[in-house]
Amino acid sequence: MSRLWETWKHWTAIPWVRWAVLPALLAVLVFLVELLGFHAKQLSLPEEQRGKAPVTVEQVRREALTDQERGYTMTETDKQAAAALPAEQNIYRIRVSQGYTNKLALEMKHPNRESGLARYTIKYHRADGMEGEGFSELDGRCMLEIGEDYTKIGERVDTILVMTDADIEVTGAALDNSVSLNGHRMLWMYAAALTAYLLMAGRHIIGRRLEVGFLIIGLAAGLVWVTAMPANTDLTWDDGIHFGNANALSYGTNKVEHSEAEYLLSQFAFREQWLDTTEDQAAYAQIIDELAEDTSEQAAYYTWELCDIGYTTQSLGIALGRALGLPFHWQFILGRMGNMLLYIGVCYAAIKVAVQFKAVIATIALLPVAMSMACNYAYDPTVIAFSLLGCSLFITEMSRPDKRMDWKRGALMLAAFCIASFPKAVYIPMILLLLFLPKTKFADKKAHIGFKVGVGLIFIIMMSSFVVPVFFLKGGGDARGGTEVNTAEQLSFVLHNPMAYAKVLTRNVIASSYEYLIDGTRLDFYYLAGKTSAESPTALIPLLNLLSLGLLFYVLFTDKHREKGTEALKGSTKWWMLVAIGGIVALIWTALYLSFTAVGSSRILGVQGRYYIPLFLLAAAILSPRHIKNDTNPVRYNGLVLGLNAMIVFGCVWTYLTMSFWL
C-alpha cells in the first residue's frame, strides 16, 4: 500500500500531471457518472424501448375512470348525473406497456390562441408499486408557442392520466427514453469536482493567499450559475428592468429600436413560462431567438445616468454577443457573464488588498443571495463588490496607522466608495469614513487637509444630487408601493413629525433585524423558491441555510489572521464605522419610506435584507472579539472556510437551478 502511495505522490508531483492530466480524468469520471449513473435505467432497456416512441392517447370522461384512477368512488347515479353535464376538464388516458418511462412528451393546442400557457396535471400509477397504491401527481405547464412539453417521470408506470382545462386539447403524446447526456448537469458535476480538487491540490498556495481559493470557487460556481439560469426574467429582483436598462445601453444610442425578444423579456412577458427539462429549455431558446429577429414596435428612449455604471459590464457582454452574431439567448447569457466577472474580479481584489478579515470578505462575497444577483442582471453586485473593496482598503489603512498611504490607494479607495454609491445613493455616507484617516497617513499637513477637503466636497456634491431633488418633487413615488404613495407628502410628514418618524424608523429596524440579519437574507431566493421542480432536493435548503449561518458566525469569531506590521482596529475607529452603518441604515429605510410607503404609515415597506450586505464587512470588523485567538494552520483554516463556502454555493445551484430547470 505504501508503495502505491509513493508512486501516486511521485506522479502527482509532476506539474503537467497535477494540472492537466488529473483534471482531464475528472472530466472522464463525470462523463461516466452521467452515462452510467443518471442513464442506467435507459441503458438497461431493450434497444427498441430506447428513444422517443409515440403512444396512443385516449380521451375519457371522469365518470368513465376506475375508482383507483379517479381517487374516489362514484355511484351509478353519480356517473349518470355527471355524464349529462359538460366536462369541467379534459382527461386523457395513456396505457404504458414498456418497462420504464423517463420522460413524457405531450403535444397541446388551444382552439383560439397560439401563445400563452397551458397548465395541466399528470397522474401516473407505478407498475411496481404496492398493492392498492394510488396515483402519484405532477403539475405541468406547456408554452403554446412551443406546442409540446416534456415532464420527467423516472418510474416504471402502467397508466398515465393527463388532465387539462376544457379548452386545452392534447393532440399527441410520446414516451422518451433517449440516452441524451445532460450538459448542464455534467457542467455542475465537473465544476464542483474540479473546485474540490483545486482547493486540495493548491491548498498550500491558498493557505498563503486565500484570494486564490476564492477566485477558483467564484469563477467555477459563477460559470455554472450563469449558464444554469434560464434565458428568462423574474428570477431575481427586478431582473427584467435591469436587463432592459443594460440592453438599451448596449446599443450606445439614446433611441433604441430593440427586438421583440428584448422588449418582452424586459416586460417579464415570460415570467410564468418557467420550464423544467432540457428539451423544453432548448425549444424556449429557439422561440426567443426567432423573436429576436423581429423588431419591436415599442421604441425606447434611454439617457445614460451615473447610476447606470452598474450596468457597464452587462452591456458590454450583450454588445459582444451581438457583434459576434451569436443567437439571442447567448447574448443574454453573456450579459450575465459580464456582471459575474466584474463581481468576482472586484471581490478578489478586495481580499487581495486586505491585511485582515480575508475569510470574512470571501464568505460575504460568496453568500448565495449575492452570487444569484451577480450571475443575473442587477446593479446590486456592483454596490456589494465595490463596498467590499472600499471597506477592505479602509480597514487596511487603519490597521497600519503609521504607514504612509500611497496616493494611488487613496484614489482607489475613494473611487470604490463612489462607484458603490452611484447605483444606490444611500451608501454615500461610506465616503465619510475617509475623513477619519489619521494625519500620519499623509506626506504632510497640506496633503492631509487637501485630501479631506476633496472627500468632503465629493460627499456634499453626491449627497446633494440625492437629497435636493426630493424637496422639489410634487407627488412622485414608486407605483409598486400602491396608490397611497406620495413622496412629497411623505417628506412633509417626516419634517413636521420628526420624533414620530424616529419612532417608526426605530421600531421597523428592530422588528426586522432577526429576519434580515439572521434568518433569511443569505439564502433569500424569493423568485426561484416557487419554481423548484418535483425532482429538486428541497430538503437540503434548511441544511444549507443553517450551514451558511454557522459559517458566517464562525468566520466572524475566528478570522484573526493579520499580516505582520498591522494592528487591531482602535475603538475610536470602530465607533466611527458604527456611525456610518447607522447613517446608511437610516437612509435605506427613509428612502423606502419616502418612495414606497403610504403617507404616515407606521410600517415601512420595500426594505429587503440584501440591502444590508454592503455593510457586513464593517459590522464584522466592529463585532470581531479581541479576546479570541486562532492559531489554526492557515492551510487548514482557509481550506475549511472555502470548502464550506463551495458546498453551500454549489448546493444552491444544484437545488434551485440544475435540478429545477434542466431535468
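General observations
- Of the accessible area of the chain, computed with a 1.4 Å probe over protein heavy atoms only, carbon and sulfur atoms account for 61 percent.
- Sorting 494, 649 on solvent-accessible area from highest to lowest, probe radius 1.4 Å, gives 494, 649.
- Note on the chain: with charges restricted to the Cβ of Lys and Arg (+1) and Asp and Glu (-1), its dipole about the Cα centre is near 4520 debye.
- What you get for segment 187-263, charging only the Cβ of Lys and Arg (+1) and of Asp and Glu (-1), is a dipole of about 680 debye around the Cα centre.
- Candidate values (1) 25.4, 82; (2) 28.7, 100; (3) 32.0, 119, label of the one derived for Rg and Dmax of the Cα atoms in Å: (2)
- When the Cα positions of 182, 207, 243 are compared along the charge dipole of segment 137-273, 207 comes out farthest toward the positive end, with charges on each C-beta of Lys, Arg, Asp and Glu.
- 1.4 Å probe accessible area per residue over the chain, in Å²: 46
- Options 345, 608, 161, ranked by Cα towards positive dipole end of the chain, top entry (Cβ charges): 345
- Ordered by solvent-accessible area of protein heavy atoms (1.4 Å probe), largest first, the residues 313, 382 come out as 313, 382.
- Over 32 Å between alpha carbons, listed pairs 424/452; 408/560; 152/358; 445/560: 152/358; 445/560
- In range of the label at residue 517: residues from segment 596-613 whose backbone nitrogen is under 20 Å from the point 7 Å along Cα→Cβ: 604-613
- Positive-end residue, segment 364-448 charge dipole about Cα centroid, Cβ charges, pick of 407, 383, 431: 407
- Span-like helix criteria (full DSSP H runs; alpha carbon extent of at least 30 Å along the helix axis; mean Kyte-Doolittle hydropathy of at least 0.0) are satisfied in the chain by 328-353, 445-471, 571-596.
- Counted over the chain, the DSSP beta bridges are approximately 100% antiparallel.
- Computed helical MRE - 222 nm, the chain, DSSP H runs ≥ 4 contributing -39500 (n - 2.57), nearest 500: -16000 deg cm²/dmol
- DSSP-loop chymotrypsin sites (Phe, Trp or Tyr not before Pro) across segment 518-563, with at most 14 other Cβ within 10 angstrom: 526
- Cβ-placed point charges (K, R +1; D, E -1), dipole of segment 509-569 about Cα centre in debye, nearest 20: 140
- On the beta carbon distance between residue 415 and residue 579, with R0 = 30 Å, the FRET formula returns roughly 0.85.
- The trypsin sites (Lys or Arg not before Pro) of segment 364-438 that DSSP puts in a loop, and whose beta carbon has at most 15 other beta carbons within 10 Å, are 403, 404.
- Low-density loop positions, trypsin sites (Lys or Arg not before Pro), segment 572-663 - DSSP coil, at most 15 other Cβ in 10 Å: 603, 626, 629
The values are calculated or read from the model by the stated rules, or taken from the named source; none is laboratory data. If you're wondering where the values come from, they're calculated on a predicted model, not measured in any experiment. All Cβ positions, glycine included, derive from the backbone under ideal geometry; neighbour counts span all protein chains shown. Surface accessibility is based on the protein's heavy atoms, side chains included, excluding ligands, DNA and RNA. Shrake-Rupley method; radii C 1.70, N 1.55, O 1.52, S 1.80 Å.
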